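J.: To start, I am sharing the structure in question, which I have written as structure tokens.
Only the coordinates and a few stated rules stand behind these numbers; no lab work does. Everything numeric in this text was worked out from a predicted model, so none of it was measured. FYI the Cβ positions are ideal-geometry reconstructions off the backbone, even for glycines, and counts take in every protein chain you see.
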Amino acid sequence: MKKVTFQVEGMTCDHCARTVEKNLRQISGVSTANVSYASGEGEAQVQNDVSVSDLEQAVRKAGYRLIPADPVSGGTDVPSAHSPSSGSGRHVAILGAGSGAFAAALRAVELGARVTLVERGTLGGTCVNVGCVPSKILIRQAHHVRQTQNPPFEGIDRVRPGVSPVLLKKQREGRVLELQEEKYARLLREMSQVTFLAGSASFVDARTVRVREKAGGWKTLVADSILVATGSRPCVPEIPGLSDTPYWTSTEALFAEAVPPRLIVLGSGFVAAEIGQSWHRLGSRVTIAGRRGPLLNRMDPDLGKGLQSYLEEEGIRFVFRGEARKVDFRDGVFRVEFEGETLEAEALLVATGRTPNTGDLDLEKAGVSTNEKGEIVVNGRLETNVPGVFAVGDCTSLPGFVYVAAAAGTRAATNMLEGGPVALDLSVLPEVIFTDPQVARVGLTEAEARSRGIEVETRTVSLDQVPRALVNFDTRGWVRMVAEASGGRLLGVQILAPEGGDVIQAAAMAIAAGWTVREIGDQLFPYLTLAESLKLCAQSFHKDVRKLSCCAG
């Protein structure tokens, strides 16, 4: 027997570590396998004929990356220090290497600082590795399968295509690696002012961070300013029996190699909707089980109800029976017990939100405050309650969007190095859910406006009044505008439409500019585009758009 030590990249929670352990133990000749999410390290006792490539392949099947490591001799803590305010400029320590962290690093380098990036997981963070990028590829893959099976035009043969989940997974993995290299690894190599440390960081005090490196040993970083951008991980509820089962989080769901005959999705938010619809279109019988309905219940109710009705038309079932009471897994089948019903499926996706990666940072040693969810609280400068310690991204209470994290990172670096109060303006924040049809919104809903004491008028135009949708033979959805009753200033837009996400930014810019619906209705919009739906909806405040010609001005 021999012992093999290694690091695992791509893990986002303890469940990831258990999944890696399970895959390793299935290899003939592996007697034990232990993996730590906190350190990213693992070891396995294996027979002499088991190669490292065998281990790498097993971990790759789980959606992660195994990196062999030589055993570290000794165990003494010999810290090395990077001193502040020396060399070419100030020293900024950034905990994390995702979008917010990289945006901050790039800005800090522009301002002449030295930067140390510390990342215990995978370079690039959640978005490029196990979030935005692979999920949107999965969604688009499933969309093409659906279009081939159900083309909207007559005369096209409806032949079920051959779906190879393994090839689809490899395509997602390949593009993820391309973007990780081009947008993160290459930038690191080109920035001599940035030092990258692979390891786990924790605070010693408000200016000092201790890093346990994956390669072994310790480093102590002393910095002029510290930015926390450690992101978040899937939140897994404490349901009896769940932790003993091979459930999926979004990570496993994005890199599965087989289409399960049946899939239960716990949750009723955007992850449940996006991934649930994708696997349904790839061949699973999907049931989405939320605590309460309708779908997307934190949004305008009509958006959630409308999307749910379209997903039900595709064959997805919805169950809203409160919290799951128990989860059991026997003979390859999950059994999830609710009040009055037990659901069964070969796969279970837990999509019940995310939780910040702040628990093991020893924030209390620096005096940094968090809220009841463990999110770091920041002010308008992106600074915590401790001067010189900043935070951005999903580890904070800021909206959990990658573009918010990146914008916050740039502004945080500017504030920490130039001292200026550069604020992150979230007054006009567009949001997109990439289902089909898509859900997009910006600004205020009618209910939100009225709750602020604003008198409003609202108009809704269905897509059967939009020429682009008619020629696409796909009129699912609608566009809604909320405007001030006095003056007509646009306050908010909600869209349920195929590719609605490509339209919402135009609405955001109109709101930011303070335009009225009459001004929007007088603009020139190209014909035929879905963006023209904004013009038609704006005109509907003053005209009956059903009585307009195709491209009436």
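J.: Using only the alpha carbon atoms of the range 431-546, find the Kirkwood hydrodynamic radius as the inverse mean reciprocal pair distance, in angstroms to one decimal.
T.: Kirkwood hydrodynamic radius for the range 431-546: 13.9 Å.
J.: Give me the angle, in degrees from 0 to 90, between the Cα long axis of helix 402-418 and the longest principal axis of the Cα atoms of the chain, rounded to the nearest 10.
T.: With rounding to tens, the tilt is 60 degrees.
J.: A further question on this structure: If you wrap a convex hull around the Cα atoms of the chain, how much volume per residue is inside, in Å³? Kindly include the intermediate steps, with their values, before the conclusion.
T.: Values: hull volume 95.9 nm³, N = 553.
Cα-based convex hull of the chain, divided per residue, equals 173 Å³.
J.: Rounded to the nearest 10 degrees, what's the angle between the helix 270-281 long axis and the longest principal axis of the chain, both from Cα atoms, 0 to 90?
T.: The angle comes out at about 80 degrees.
J.: Okay, moving on. What is the sum of charges, Lys and Arg at +1 and Asp and Glu at -1, for the other residues whose Cβ falls under 12 Å from the Cβ of residue 257?
T.: Residues near residue 257 contribute +3 overall.
J.: In whole Å, how far is the Cα centre of the range 383-437 from that of the range 171-248?
T.: 18
J.: Per q in 0.15, 0.16, 0.25 Å⁻¹, report the Debye log10 I(q)/I(0) for the range 261-307, using one uniform scatterer on each alpha carbon and no solvent.
T.: -0.36, -0.40, -0.86
J.: Right, another one. To the nearest 10 degrees, how steep is helix 14-25 against the longest Cα principal axis of the chain, on a 0 to 90 scale?
T.: 60
J.: When Lys and Arg each count +1 and Asp and Glu each count -1, what net charge do the other residues less than 13 Å away from residue 331, Cβ to Cβ, add up to?
T.: Residues close to residue 331 contribute a combined charge of -1.
J.: With 5 Å bins from zero, work out the P(r) of the range 2-69 over every alpha carbon pair and list the percent per bin.
T.: In order of increasing distance, the bins hold 3, 21, 36, 26, 10, 2, 0 percent.
J.: Are there GluC sites (Glu not before Pro) in the range 369-426 that DSSP marks as loop and that have at most 14 other Cβ atoms within 10 Å, and which are they?
T.: Hits after loop and neighbour filter: 372.
J.: Report, largest value first, the span of the C-alpha coordinates of the range 419-485 along each principal axis, in whole Å.
T.: 54, 32, 17
J.: Using alpha-carbon positions, what is the distance between the centroids of the range 511-552 and the range 306-333, in Å?
T.: 39
J.: What number does the range 307-364 give for Rg over Rh if you use C-alpha atoms and the Kirkwood radius?
T.: 1.13
J.: Taking other Cβ within 10 Å of each residue's Cβ, how do 390, 525, 153 sort, fewest first?
T.: 153, 525, 390
J.: Further question on the same structure: Express as a percent, rounded to the nearest 5, the fraction of DSSP beta bridges in the range 242-352 (both residues included) that run antiparallel.
T.: 40
J.: Same structure, new question: Once you charge only the Cβ atoms, +1 for Lys and Arg and -1 for Asp and Glu, what is the size of the charge dipole of the chain about its Cα centre, to the nearest 20 debye?
T.: 340
J.: DSSP loop (so not H, G, I, E, B), at most 10 other Cβ within 10 Å: list which GluC sites (Glu not before Pro) in the range 421-478 pass both filters.
T.: Here the GluC sites (Glu not before Pro) that fit, given the DSSP loop and packing criteria, are 455.
J.: Name the lysines eligible as straight-distance cross-link partners of residue 219: C-alpha to C-alpha under 18 Å, and not fewer than 8 places from it in the same chain.
T.: Candidates past the 8-residue exclusion: 365.
J.: While we're on this one: Let me know the charge dipole size of the range 2-69 about its Cα centre in debye, to the nearest 20, where only the beta-carbon of Lys, Arg (+1) and Asp, Glu (-1) is charged. Write out the running numbers ahead of the final one.
T.: Details: 8 positive and 8 negative charges, 28 e Å.
That gives a dipole near 140 debye.
J.: Another question, if that's okay. Give me the net charge of residue 314's neighbourhood, meaning all other residues with Cβ under 14 Å from the Cβ of residue 314; Lys, Arg count +1, Asp, Glu -1.
T.: 0
J.: While we're on this one: Filter the trypsin sites (Lys or Arg not before Pro) in the range 277-355 down to the DSSP loop ones having no more than 14 other Cβ atoms within 10 Å, then list what survives. Could you put the intermediate results ahead of the total?
T.: Details: sites: 281, 285, 291, 292, 298, 305, 317, 321, 325, 326, 330, 335, 354; in loops: 291, 292, 298, 321, 325.
When the trypsin sites (Lys or Arg not before Pro) of the range 277-355 are filtered for loop state and at most 14 Cβ neighbours within 10 Å, 292, 298, 325 remain.
J.: Moving on. Between residue 182 and residue 48, what is the label-point separation in nm under the 7 Å Cα-to-beta-carbon projection?
T.: So the two model labels end up 4.7 nm from each other.
J.: Moving on. Report the gain in length on full extension from residue 452 to residue 369: 0.36 nm times residue separation, minus Cα-Cα distance, nm rounded to one decimal.
T.: 26.9 nm
J.: Still on this model: Just to be sure I follow: if Rg is taken over the C-alpha atoms of the range 242-352 and Rh is the Kirkwood radius over the same atoms, what is Rg/Rh?
T.: Radius of gyration relative to Kirkwood radius: 0.94.
J.: Kirkwood Rh, Cα Rg: Rg to Rh for the range 267-412?
T.: 1.08
J.: Further question on the same structure: Arrange the following residues from fewest to most other Cβ atoms within 10 Å of their Cβ: 535, 373, 547.
T.: The most exposed by this proxy come first: 547, 373, 535.
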